[in-house]
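Here's the structure we're looking at; comments come further down.
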Amino acid sequence: SEDDDIQISIGMRLQDTTIEYVPFSPMYVVKIERDTVKKVIKLTCDDGLKYAKDRIISELAEQTYPITLRQYIAEVCMLCGLTLSEKAFLNDDLVLDAPPNLSGNETCLSVIGWAAQAALANAVMNRSGELELIPIVKSWTSGDAIINTSNYISFSSQSRYGPINALVLGRSPQ
């Protein structure tokens, strides 16, 4: 029925012909469509972030500042019934001396998105059903994310062509 939770897994056949099931994050049924002619049932599901869409940040209990970004996001998660993963993320120790400059009408989902931006991360529900901020760079402590200028495409200058106000792609540097 709607609002029931389900665990979706994908089965992968191994070389020894056994099947290993890889679970996705827990999902919640949002809509059920039944086609009795084709005998097909279509489930529309959403992950735990659906609960963050329904709660607004003004419902958050009064916080004592200063607190870290991790503590603030953990409180937002508790407000909408989520659990924040224990995994570290960039700026999780950033200290908030005062409440964020919010109107109070923002949803918990938008505040979680704001925190993910501050952490250079994507906010996703992990396989354990916890909110996890996964960095968009491989590691913020190693040199993996350093921009290598030798990978840039080089351009060479050409003679001017085309009328004024036209897009000219033959210029260097841009």
Which residues, taken from the range 103-126, are surrounded by 14 or more Cβ atoms within 10 Å (Cβ to Cβ) and outside any helix (DSSP H, G or I)? Glu106, Thr107, Ala119, Leu120, Ala121, Ala123, Val124, Met125, Asn126
Condition set surrounded by fewer than 11 Cβ atoms within 10 Å (Cβ to Cβ) and touching a residue at least 12 places away in the same chain (Cβ under 8 Å), scope the range 1-24, selection farthest from the chain's Cα centre (by Cα): answer is Ser1
Of all residues in the range 25-34, how many are out of contact with any helix residue (DSSP H, G or I) (no Cβ under 8 Å at 6 or more places or on another chain), within 19 Å of Ser9 (Cβ to Cβ) and either in a strand (DSSP E or B) or open to solvent by 50 Å² or more (accessible area, probe 1.4 Å) (or both)? 2
Against the condition out of contact with any strand residue (DSSP E or B) (no Cβ under 8 Å at 6 or more places or on another chain), at pLDDT 90 or above and not in a strand (DSSP E or B), how does Glu62 come out, does it pass? no
Considering residues that are open to solvent by 80 Å² or more (accessible area, probe 1.4 Å) and not acidic (Asp, Glu), the number found within the range 66-93 is 4
If we keep just the residues of the range 35-63 that are more than 28 Å from Pro99 (Cα to Cα) and among the aliphatic types (A, V, I, L, M), which is surrounded by the fewest Cβ atoms within 10 Å (Cβ to Cβ)? Val37
So Gly129 fits all but one of (1) open to solvent by less than 50 Å² (accessible area, probe 1.4 Å); (2) more than 14 Å from Leu49 (Cβ to Cβ); (3) at pLDDT below 90; what number is the exception? (2)
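Looking at Ile67, Ile41, Ile56, which one is touching a Ser or Thr at 6+ places or on another chain (Cβ under 7 Å) and either closer than 25 Å to Glu130 by Cβ or among the β-branched types (Val, Ile, Thr) (or both)?
Only one candidate qualifies: Ile56.
The values are calculated or read from the model by the stated rules, or taken from the named source; none is laboratory data. All of these numbers come straight from a predicted model, not from anything done at the bench. A quick note on method: Cβ atoms are made from the backbone with ideal geometry, for glycine too, and the neighbour counts reach across all protein chains shown. Note: areas computed on protein heavy atoms with side chains; ligands, DNA, RNA excluded. Shrake-Rupley method; radii C 1.70, N 1.55, O 1.52, S 1.80 Å.
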